[in-house]
Amino acid sequence: KHFTNLVFVLAFLLIAGIAVAQNGLEFDGTDDRIDCGNDASLQITGSTISLEAWIYPTSWKTNVWQGNIINKEQWTPELGYMLRCGDNGRLNFNIGNFAWNELTTAANTLTLNTWQHVAGTYDGSMMRLYVNGVPVDSVPLATTVGNASEPLFIGDIGFGGRNFPGSIDEVRIWNTHRTGAEIAANMNTEFCTAPAGLVGYYLLDQGTAAGANPTETTAWDATGSQNHGTLGNFALSGATSNWVQGATLTAGMSVEAFDASACASYTTPSGNAIYTMDGTYLDTLQNAVSCDSIMIIDLSISNPSSSM
């Protein structure tokens, strides 16, 4: 009997994304870093790779290689992959297999003090760089990615001293090539489950923005590979070197509709509401990676019978 309301609410949720500014992580540019380890899933080799992140740079390092966003790099021999920025707003993508292969944009490609999405991809024949889903540079290249023995770092390099100044959010590491269309279509939306090829996924949505977060020292990996990162040297209090407000993205969500019945009253699965009348109600649960599971409940209440 509530079918019309049910269909309307379900259709609305499916077509209308919910854009929210969730948390990100602010790096002081001096020694803040996340060590994500060297699990086999992050040891990307072969001829395809894609790196993505939302960044909010607050200053530029003198050289582009000094502002590491994503870095898994080994020297002598030169192996690994990285995404970096600096030098008056240049963006850099670098992959190595006994020689570095770098692609660097022109100056002022990036902007200070604003959120922007950056990505570097390689498909076996072309390196490409994107900003906000738009291609900004490319170069032909025939090589493969070499397996660096160093851990993956966010915001720094393994041996330290090349730290990103500003905030980072929604880091995605793929062992596949992402097309420009795929990057543009998905950069504003969180994933609730990891698509094929996504081997490292750091939403960085934890903590209280600019609050006291002394126990929030892990950057959770949402791929299921358990590549959780360990925060190093963060103050974890205040507006810098801490969890802060992140990029405004459409929150990932799943939608489930079901019938429910109860005698006298019904408590929603989240425990946040109790209903005593028939109707169509919404309830929301949040999973470990901050994605909302939205439940549309078609509820029927029956009154308890009484006897003398």
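Contact list please: Cβ distance under 8 Å, first residue in the stretch 47-61 and touching a residue at least 12 places away in the same chain (Cβ under 8 Å) and open to solvent by 50 Å² or more (accessible area, probe 1.4 Å), second residue outside any loop (DSSP other than H, G, I, E, B) and among the polar types (S, T, N, Q), pairs at least six apart or on different chains. Taking only residues 6 or more apart or on different chains, the pairs are Tyr56/Gln116; Tyr56/Ser167; Thr58/Ser167.
Between Asp292, Asp298, the distinction of being over 27 Å from Gln43 (Cβ atoms), at pLDDT below 85 and out of contact with any Gly (no Cβ under 8 Å at 6 or more places or on another chain) belongs to Asp298 only.
Condition check ((1) open to solvent by less than 30 Å² (accessible area, probe 1.4 Å); (2) in contact with a Leu (Cβ under 9 Å, 6 or more places away or on another chain); (3) modelled with pLDDT under 95) across all residues:
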position: Asp156; (1), (2), (3): yes, no, no
position: Phe159; (1), (2), (3): no, no, yes
position: Phe164; (1), (2), (3): yes, no, no
position: Asp169; (1), (2), (3): yes, yes, no
position: Gly180; (1), (2), (3): yes, no, no
position: Leu198; (1), (2), (3): yes, no, no
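Kindly establish whether Thr143 is closer than 29 Å to Asn23 by Cβ, modelled with pLDDT of 95 or more, part of a loop (DSSP other than H, G, I, E, B) and open to solvent by 10 Å² or more (accessible area, probe 1.4 Å).
Details: closer than 29 Å to Asn23 by Cβ: no; modelled with pLDDT of 95 or more: yes; part of a loop (DSSP other than H, G, I, E, B): yes; open to solvent by 10 Å² or more (accessible area, probe 1.4 Å): yes.
In short, no.
In the stretch 200-227, of all residues being within 25 Å of Thr179 (Cβ to Cβ) and more than 13 Å from the chain's Cα centre (by Cα), the one that is modelled with the highest pLDDT corresponds to Asn227.
Any idea how many residues of the stretch 62-77 are part of a loop (DSSP other than H, G, I, E, B) and open to solvent by less than 50 Å² (accessible area, probe 1.4 Å)? Lay out the reasoning, then the answer.
The first filter runs over the stretch 62-77 and keeps only residues part of a loop (DSSP other than H, G, I, E, B), leaving 62-63, 67, 75-77.
Next, only the ones that are open to solvent by less than 50 Å² (accessible area, probe 1.4 Å) stay: 67, 77.
Qualifying residue count, the stretch 62-77: 2.
Scanning for something modelled with pLDDT of 95 or more, aliphatic (A, V, I, L, M) and surrounded by fewer than 18 Cβ atoms within 10 Å (Cβ to Cβ), does the stretch 256-268 turn up at least one residue? No, the conditions are met nowhere in the stretch 256-268. When residues in the stretch 83-125 are screened for being part of a strand (DSSP E or B), free of Cβ contacts under 8 Å to residues at least 60 places away in the same chain, open to solvent by less than 50 Å² (accessible area, probe 1.4 Å) and of a type in the set (A, V, I, L, M, F, W, C), 5 of them pass.
Residues that are open to solvent by 50 Å² or more (accessible area, probe 1.4 Å) and at pLDDT 85 or above within the stretch 272-282 comprise Asn272, Ile274, Tyr275, Thr276, Met277, Asp278, listed in sequence order.
Matching residues to (1) under 20 Å from Phe164 (Cβ atoms); (2) part of a strand (DSSP E or B):
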{"site": "Ala185", "(1), (2)": "no, no"}
{"site": "Ala196", "(1), (2)": "no, no"}
{"site": "Gly238", "(1), (2)": "yes, no"}
{"site": "Val244", "(1), (2)": "yes, yes"}
{"site": "Asp259", "(1), (2)": "no, yes"}
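Figure legend. Inter-residue proximity from the stretch 128-142: first residues closer than 19 Å to Ile69 by Cβ and of a type in the set (Gly, Ala, Ser), second residues outside any strand (DSSP E or B) and modelled with pLDDT of 95 or more, beta-carbon distance below 8 Å, spacing 6+ or different chains. Indicated pairs: Gly133/Gly180; Gly133/Ile183; Gly133/Ala184; Gly133/Met187.
The values are calculated or read from the model by the stated rules, or taken from the named source; none is laboratory data. Being a predicted model, the structure only gives us computed values, none of them experimental. Using ideal geometry, Cβ is built from the backbone for each residue, glycine included, and neighbour counts are taken over all protein chains shown. We work out accessible area using only protein heavy atoms, side chains counted, and drop any ligands, DNA or RNA first. Shrake-Rupley method; radii C 1.70, N 1.55, O 1.52, S 1.80 Å.
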